Amino acid sequence: MFDFVRKNTRILQLILVILILPSFVVFGIQGYSRFGDQADTVAKVGKQSINQAEWDNAHRNFVERVRAQQPDVDPKVFDAPEFRKQSLEALVRQHVLAAAAADEHLGVTDARLLRSFTTDPRFAALFNPDGTFNKQLLEAQGLTMQRLEAMVRQELVLGQVLGSVQATGQTSLTANRHAVDALFQVREVQWMKFEPKAYTAQLNPTDAQLQAMYKDPANAAWLASPERADVEYLVLDLDALKQRVSVSEEELRRSYEENKARYTTPEERRASHILIKSESGASAEKKKAARAKAEGLLAQLKQNPSLFAELARKNSDDPGSAATGGDLDFFGRGAMVKAFDETAFKLKKGELSGIVETEFGYHIILLTDIRGGQVQPFETVRGQIEEEARKQLAQRQYAEAAERFTNGVYEQSDSLKPVADELKLSIQSARDVLREPGTKDQGVLGNRRLLDALFDADNRAKSRNTEAIEVGPNKLVSARIVKYHPAATRAFDEVKAELRDRWIAQEARKAAKADAERKMAEWKQSPEKSGLPAPVEMSRRTVFNQPPMVLDAAMRVPANQLPGWSVVDLGADGVALIKVNKVLPLQISPQEIKETQNQFGGYWGRAEADAYYRLLKRQYKVEFLHDGKKVMDQASEQQKAAKAS
């Protein structure tokens with residue numbers, strides 16, 4: 001089984017990404033309800049409770065899907081409130097849709113399920129070349145055919161809840177016209193930017209002004225030094241165990257002999273062929289005539305094999321290879337249809353086949369070359385074999401070591417040294433570990449659950465070990481605070497330079513805005529004195545050289561109030577003064593109108609489906625509790641902060 005998994009990594013990732021639905025889909029919501037009273041509830045959907053364990057499981061699945069799709073993604077994003085919010089909302093959505101499907105008595109027929117397996121490209125990798133189902137792939141993921149069927153059936157059922165609403169998305173010609181106008185409308189606009197740096201030279205704050213800014217409660221957050229700590233921590237993972245694993249030379253050579261096929265370059269064959277086409281539905285007479293023609297050509301080739309290329313160009317019904325004398329280039333085993341493949345891989349180099357019948361007709365095959373099939377020497381692959389063997393042995397030891405690690409950091413909670421000595425691990429240290437790391441990379445110490453446990457009031461006060469916390473696949477961490485630094489307002493002298501920079505930046509933006517508003521009032525009264533640059537065309541359809549906020553403001557000026565003026569706040573970049581002169585004639589082809597109407601209908605359908613889902617959430621009284629509510633609130637605060645900045 002290990003060799004099979006190793007050889008089919010990509011296919012197994014495909015199954016993980018596409019087929020693994022949130023865990024409750026396999027077991028059913030009712031299976032989880034039994035545990036609702038035994039764990040912290042993070043959300044409720046009607047009378048159904050979602051507990052912390054269920055959320056953790058769904059979050060792990062969510063993380064694995066993202067990792068499979070984006071292998072280079074920064075691991076610390078997985079513990080961000082926004083990311084955990086996504087996994088919780090996805091889990092709640094599954095519960096809501098399942099409840100609605102049950103109330104609406106929705107189901108899926110066996111015929112519909114079979115059609116999904118045979119037509120959905122997601123499942124193509126699960127079938128062998130001969131059309132049979134590859135059960136070994138499922139077993140490698142711990143699945144059975146029955147469980148997979150249940151998962152897909154549940155997916156199809158849940159899809160019906162919103163799918164029927166989304167499929168009916170239709171819009172009126174008037175609504176579509178408004179949407180088209182918003183996208184395709186072009187406006188003539190004059191605009192100029194007022195940058196703060198142009199006003200900084202005249203700004204020089206006094207100590208009194210800086211003291212006022214220092215004491216302003218609105219600045220308390222950034223003036224405070226963050227809560228942090230000096231930390232000791234211990235990591236148990238496969239890499240740590242692999243360092244202690246040894247494999248004998250005899251075992252390595254035995255593994256090499258048992259798995260020689262893995263270290264063999266795949267054999268490829270090059271062949272030329274002549275195809276005499278015979279459709280599967282052709283009459284017996286036409287098939288007989290086609291075969292007779294093929295036999296005649298074969299007889300000529302047996303007399304003179306050197307005529308193969310010439311006869312292929314003149315007679316072959318394969319347009320892709322006839323022009324090259326029938327040459328098919330190199331191909332691997334299984335690349336051709338079964339009968340052709342079996343024959344080609346039985347021939348010797350330079351040998352001519354008999355008549356080979358396939359669904360395409362009658363073939364004559366000439367094998368022209370063979371490459372590959374050589375076994376790599378043991379010395380070449382020794383390092384690979386040893387690495388894999390060490391990893392397998394480490395994986396076997398990990399479960400036992402993880403139990404000892406977990407028990408040890410709990411039972412001797414005042415020190416990490418006993419566990420480190422027992423398992424031969426190195427105690428690591430880190431200074432200034434932040435309670436809220438933000439963008440700072442703290443490695444394993446950036447894990448949200450670990451930080452919550454580390455800065456827990458009891459653990460912090462008594463410098464106790466945290467529990468063993470899983471921060472990644474096969475990776476446990478326990479940490480303890482050596483020295484704690486609470487959040488505190490930094491001294492005025494320490495932040496004076498930063499205060500000055502911020503004060504100048506704020507006042508420069510104010511000065512830029514005041515200047516823009518003064519010029520707007522002046523130029524409105526005397527347009528001939530306007531210092532605005534030459535007009536440009538702006539549209540949401542095309543990206544021009546202006547900030548998105550300028551484009552948005554220009555398109556929002558009411559058409560019946562043109563020419564219209566506006567001062568647009570660009571944040572740290574200052575402000576922009578815009579004047580919208582006129583709306584230019586709309587230029588759009590009938591084909592574009594038709595295409596946009598279809599797209600707009602699709603958008604409308606999705607909007608209606610989203611609205612229906614929000615209605616279902618209210619109907620089933622979705623509620624977030626405890627850690628679930630905490631994460632939702634944190635994500636909301638982060639979104640507000642991002643918008644404010």
Check: Can you name the residue in the stretch 193-231 that is basic (Lys, Arg) and part of a helix (DSSP H, G or I) and is also farthest from residue 549 (Cα to Cα) among such residues?
Finding: 215
Notebook entry, point to check: Which residue out of 580, 550 is outside any helix (DSSP H, G or I) and of a type in the set (Val, Ile, Thr)?
Noted result: 580
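A quick yes/no check of all residues on (1) at pLDDT below 85; (2) assigned to a loop (DSSP other than H, G, I, E, B); (3) within 30 Å of residue 115 (Cβ to Cβ):
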| residue | (1), (2), (3) |
| --- | --- |
| 158 | yes, no, yes |
| 164 | yes, no, yes |
| 170 | yes, yes, yes |
| 179 | yes, no, no |
| 182 | yes, no, no |
| 191 | no, no, no |
Check: Identify, please: which residue in the stretch 559-608 is of a type in the set (D, E, K, R) and in contact with a strand residue (DSSP E or B) (Cβ under 8 Å, 6 or more places away or on another chain) and is, among those, nearest to residue 522 (Cα to Cα)?
Finding: 579
Note to self: Considering only the stretch 287-294, I want to know if a residue exists there that is in contact (Cβ under 8 Å) with a residue 12 or more places away in the chain and of a type outside the set (D, E, K, R).
What the structure shows: yes
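Here is a yes/no grid of residues against (1) of a type outside the set (A, V, I, L, M, F, W, C); (2) in a helix (DSSP H, G or I); (3) closer than 30 Å to residue 417 by Cα; (4) out of contact with any helix residue (DSSP H, G or I) (no Cβ under 6 Å at 6 or more places or on another chain):
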residue	(1), (2), (3), (4)
478	yes, no, yes, no
493	yes, yes, no, yes
497	no, yes, no, yes
509	yes, yes, no, no
514	no, yes, no, yes
520	no, yes, no, yes
532	no, no, no, yes
537	yes, no, no, yes
Check: Does any residue in the stretch 526-549 that is in the same structural domain as residue 191 (by TED's automatic domain parsing) come within less than 9 Å, Cβ to Cβ, of a residue that is exposed (fewer than 11 other Cβ atoms within 10 Å of the Cβ) six or more places away or on a different chain, and which pairs are these?
Finding: 536/545
Note to self: When you scan the stretch 234-253, do you find a residue that is assigned to a loop (DSSP other than H, G, I, E, B), touching a helix residue (DSSP H, G or I) at 6+ places or on another chain (Cβ under 7 Å), touching a residue at least 24 places away in the same chain (Cβ under 8 Å) and farther than 17 Å from residue 383 by Cβ, even just one?
What the structure shows: no
Next item on the list: Take the residues in the stretch 81-137 that are touching a strand residue (DSSP E or B) at 6+ places or on another chain (Cβ under 7 Å) and part of a helix (DSSP H, G or I), then tell me which one is modelled with the lowest pLDDT.
Entry: 126
Note to self: Please pick out the residue among 411, 342, 422, 386 that is of a type in the set (Asp, Glu) and closer than 28 Å to residue 306 by Cα.
What the structure shows: 342
Checklist line | All positions within the stretch 495-508 that are farther than 14 Å from residue 219 by Cα and touching a Leu at 6+ places or on another chain (Cβ under 9 Å) | finding: 504, 507, 508
Next item on the list: Would you mind stating whether residue 433 is more than 15 Å from residue 230 (Cβ to Cβ) and among the β-branched types (Val, Ile, Thr)?
Entry: no
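Condition check ((1) loosely packed, with under 15 Cβ neighbours inside 10 Å; (2) among the charged types (D, E, K, R); (3) in the same structural domain as residue 469 (by TED's automatic domain parsing)) across all residues:
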site	(1), (2), (3)
359	yes, yes, no
413	no, no, yes
424	yes, yes, yes
436	yes, yes, yes
Item checked: Unique match (being surrounded by 12 or more Cβ atoms within 10 Å (Cβ to Cβ), closer than 30 Å to residue 255 by Cα and out of contact with any strand residue (DSSP E or B) (no Cβ under 9 Å at 6 or more places or on another chain)) among 397, 376 -> 397
Next item on the list: Would you please list the contacts, defined by Cβ atoms under 7 Å and residues six or more apart or on different chains, that run from a residue in the stretch 48-75 that is buried (at least 16 other Cβ atoms within 10 Å of the Cβ) to a residue that is among the aromatic types (Phe, Trp, Tyr)?
Entry: 51/35; 54/24; 54/32; 63/78
Next item on the list: Would you please name the residue that is nearest to residue 53 (Cα to Cα), looking only at residues in the stretch 454-470 that are crowded, with 16+ Cβ neighbours inside 10 Å and of a type in the set (A, V, I, L, M, F, W, C)?
Entry: 469
Notebook entry, point to check: If only one of 353, 280 is outside the structural domain of residue 237 (by TED's automatic domain parsing), assigned to a loop (DSSP other than H, G, I, E, B), hydroxyl-bearing (Ser, Thr, Tyr) and in contact (Cβ under 8 Å) with a residue 12 or more places away in the chain, which one is it?
Noted result: 280
Next item on the list: Kindly list, by first and then second residue, each pair from a residue in the stretch 600-616 that is closer than 14 Å to residue 180 by Cα to a residue that is surrounded by 14 or more Cβ atoms within 10 Å (Cβ to Cβ) and at pLDDT 90 or above, limited to pairs with Cβ atoms under 7 Å and residues at least 6 apart or on different chains.
Entry: none
Margin query: Quick test of your reading of the structure: residue 571 fulfils all but one of (1) at pLDDT 85 or above; (2) in the same structural domain as residue 58 (by TED's automatic domain parsing); (3) surrounded by fewer than 14 Cβ atoms within 10 Å (Cβ to Cβ). Name the failing condition by number.
Written below: (2)
Item checked: Test for residue 585: is it modelled with pLDDT of 90 or more and either closer than 16 Å to residue 189 by Cβ or loosely packed, with under 15 Cβ neighbours inside 10 Å (or both) -> no
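Is it the case that residue 494 is loosely packed, with under 11 Cβ neighbours inside 10 Å and either within 41 Å of the chain's Cα centre (by Cα) or not small (Gly, Ala, Ser) (or both)?
no
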Checklist line | Set 332, 326: member being among the small types (Gly, Ala, Ser), within 26 Å of residue 371 (Cα to Cα), touching a residue at least 24 places away in the same chain (Cβ under 8 Å) and crowded, with 16+ Cβ neighbours inside 10 Å | finding: 326
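The values are calculated or read from the model by the stated rules, or taken from the named source; none is laboratory data. The structure displayed is predicted, hence computed values, not measured ones. Please note: Cβ atoms are built from the backbone with ideal geometry, for glycine as well, and neighbour counts cover all protein chains shown.
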